[in-house]
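Remarks on the structure that follows.
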Amino acid sequence: MKKNLITFAVFAFSVLLMSGCKKKNLDVGFAPEIQKIVPQNVVDDLRARGMTINEGQKPPTIEGVYLASPYELLSPYAPEDSYEKGKIITGYLYRFTGQSDDKKKVQVNYKRDGDVDAGGGLGSFVSGNGNKFTVFAEVQGTVSGVNYTSLDVFSGEITPNGIADFQHTFYIVEKSESDGPNAELIPVNSGRVWFDNDRIAEKVSKYRLAVPEKSKDIYTGSLVGNNQ
């Protein structure tokens, strides 16, 4: 009888230990889908430049429409970037829809004042835990007539009023022009890190922007090159 109790106790402890390990594994790291599109060196580079990357496989529900404005530059793409840290631009309107039952996939769309920059999610995956999340999206868009594919990374914390500490990195993967001093967009394999200047991307009811006043700023943006 005593031997049976000891055996049962060892078995029960093993089950609890395995359960704890499984839970811990879900709290860190990324799903295989994310690892396929996001090299670890890119994650390390963005973190070193101040981008928050929330790991984990238990992300929150993030569906909704959010206005992140104004945008402030946290990190230029390189020392030669003509955009300096602290530069302010008008922000973006974001729409997250169709989040999967396990919350690990979502559709992303975004646009900017004047529709000078707009993109739609091709494959968007969500990591995170609790209310904190990071979205990794392969996006196709057009800026100043140049088609591009980018790895867009969005991070923040869901609150009743919107997304707190919202950040967005645009990382160019390919584009329909050559790199150089006269390029419309930043170089391939580079990106800028932006954050919402007022620290929260407000939740709004419609995916629609007001018609902006004409200004030079609407023709500059998160991806334009040094000639702008």
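The values are calculated or read from the model by the stated rules, or taken from the named source; none is laboratory data. Being a predicted model, the structure only gives us computed values, none of them experimental. Cβ sites come from the backbone with ideal geometry, for glycine too, and all protein chains shown count toward neighbours.
When restricted to residues that are of a type in the set (G, A, S) and without any contact (Cβ under 8 Å) to a residue 60 or more places away in the chain, the stretch 25-51 contains 2. Within the bounds of the stretch 29-38, is there any residue that is within 19 Å of V193 (Cα to Cα) and modelled with pLDDT of 85 or more? Checked the stretch 29-38: at least one residue is within 19 Å of V193 (Cα to Cα) and modelled with pLDDT of 85 or more.
Of everything listed in (1) in a loop (DSSP other than H, G, I, E, B); (2) surrounded by 19 or more Cβ atoms within 10 Å (Cβ to Cβ), the single unmet condition for K103 is (2).
Do we find a residue being outside any helix (DSSP H, G or I), touching a Gly at 6+ places or on another chain (Cβ under 7 Å), within 15 Å of D152 (Cα to Cα) and among the polar types (S, T, N, Q) anywhere in the stretch 56-71? No, that holds for no residue.
For the condition modelled with pLDDT of 90 or more, surrounded by fewer than 19 Cβ atoms within 10 Å (Cβ to Cβ) and either part of a loop (DSSP other than H, G, I, E, B) or not charged (D, E, K, R) (or both), what is the one hit in N189, N182, N109? Within the list N189, N182, N109, the selection yields N189. If only residues of the stretch 65-77 that are of a type outside the set (D, E, K, R), over 15 Å from the mean Cα position of the chain (by Cα) and under 22 Å from R208 (Cα atoms) are counted, the one that is surrounded by the most Cβ atoms within 10 Å (Cβ to Cβ) is S69. Scan the stretch 124-147 and tell me whether some residue there is basic (K, R) and not in a strand (DSSP E or B). No, the stretch 124-147 has no match at all.
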